[in-house]
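Visitor: Quick one: the structure is below, questions incoming.
The values are calculated or read from the model by the stated rules, or taken from the named source; none is laboratory data. These figures come from a predicted structure and were not determined experimentally. Note that we place each Cβ from the backbone using ideal geometry, even for glycine, and neighbour counts take in every protein chain shown.
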Amino acid sequence: MATLLASTFVLAVQDLERSVRFYVEQLGFTEDLRVDGWSFLSRGAAKLRLGHCPDSLPISQAQDHSWFAYLHVDDARALQAELAAKRVEFWLPLRDLPWGMREFAIVTPDGHRIVFGQEL
């Protein structure tokens, strides 16, 4: 059986420049490549592809389907503090959960939600 080596999240965004600024300036991602209508971003093992889709339904109008990623981190408290200092909007506060994870969640400018979790 083939081994899955990595994952990349592909997101439709209405304003590519605004979204790239958010991921780079506020979430600490690096833009690795830009091609017509696409931005390829990474931070550690997390990889994103943002596609410019100005005419698509904003994900903020589909709240039940706006949670797209659960990213595992080594220090959720430190990352939460880093993002709070950059005025990132939080969806869920930092908390310890019964399944042995410390988690918090954010909202992107397009309404996508990302959960960050640390094993306790």
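Visitor: When you go through (1) at pLDDT 95 or above; (2) in contact with an Asp or Glu (Cβ under 8 Å, 6 or more places away or on another chain); (3) under 17 Å from VAL13 (Cα atoms) one by one for LEU94, which number turns out not to apply?
Guide: Among (1) at pLDDT 95 or above; (2) in contact with an Asp or Glu (Cβ under 8 Å, 6 or more places away or on another chain); (3) under 17 Å from VAL13 (Cα atoms), the lone unmet condition for LEU94 is (3).
Visitor: Filter segment 43-61 for residues that are part of a loop (DSSP other than H, G, I, E, B) and closer than 23 Å to SER7 by Cα; which is farthest from the chain's Cα centre (by Cα)?
Guide: So the residue we want is CYS53.
Visitor: Determine if segment 36-49 includes at least one residue that is within 14 Å of VAL13 (Cα to Cα), at pLDDT below 95 and not acidic (Asp, Glu).
Guide: no
Visitor: Could I ask something else about it? Say whether the condition of being over 16 Å from ILE114 (Cβ atoms), more than 14 Å from the chain's Cα centre (by Cα), in a loop (DSSP other than H, G, I, E, B) and in contact (Cβ under 8 Å) with a residue 40 or more places away in the chain is met by at least one residue in segment 33-42.
Guide: No.
Visitor: Right, here's the next one. Going through segment 63-120 one residue at a time, which ones are part of a helix (DSSP H, G or I) and touching a residue at least 24 places away in the same chain (Cβ under 8 Å)?
Guide: Listed by number, the residues that qualify are GLN63, ALA76, ARG77, LEU79, GLN80, GLU82, LEU83.
Visitor: Is it true that SER60 is hydroxyl-bearing (Ser, Thr, Tyr) and in contact with a strand residue (DSSP E or B) (Cβ under 8 Å, 6 or more places away or on another chain)?
Guide: When the stated conditions are applied, SER60 does not pass them.
Visitor: Right, next: Being among the hydrophobic types (A, V, I, L, M, F, W, C), modelled with pLDDT under 85 and surrounded by 12 or more Cβ atoms within 10 Å (Cβ to Cβ) is the filter here, so list the residues in segment 61-85 that pass it.
Guide: TRP67, PHE68
Visitor: What are the residue pairs meeting all of these: first residue in segment 6-29, first residue under 15 Å from GLU89 (Cα atoms), second residue aromatic (Phe, Trp, Tyr) and not in a helix (DSSP H, G or I), Cβ atoms under 8 Å, and 6 or more apart or on different chains?
Guide: Qualifying pairs under 8 Å: TYR23/PHE29.
Visitor: Do you know which of the residues in segment 1-46 that are loosely packed, with under 10 Cβ neighbours inside 10 Å and β-branched (Val, Ile, Thr) is farthest from ALA62 (Cα to Cα)?
Guide: THR3
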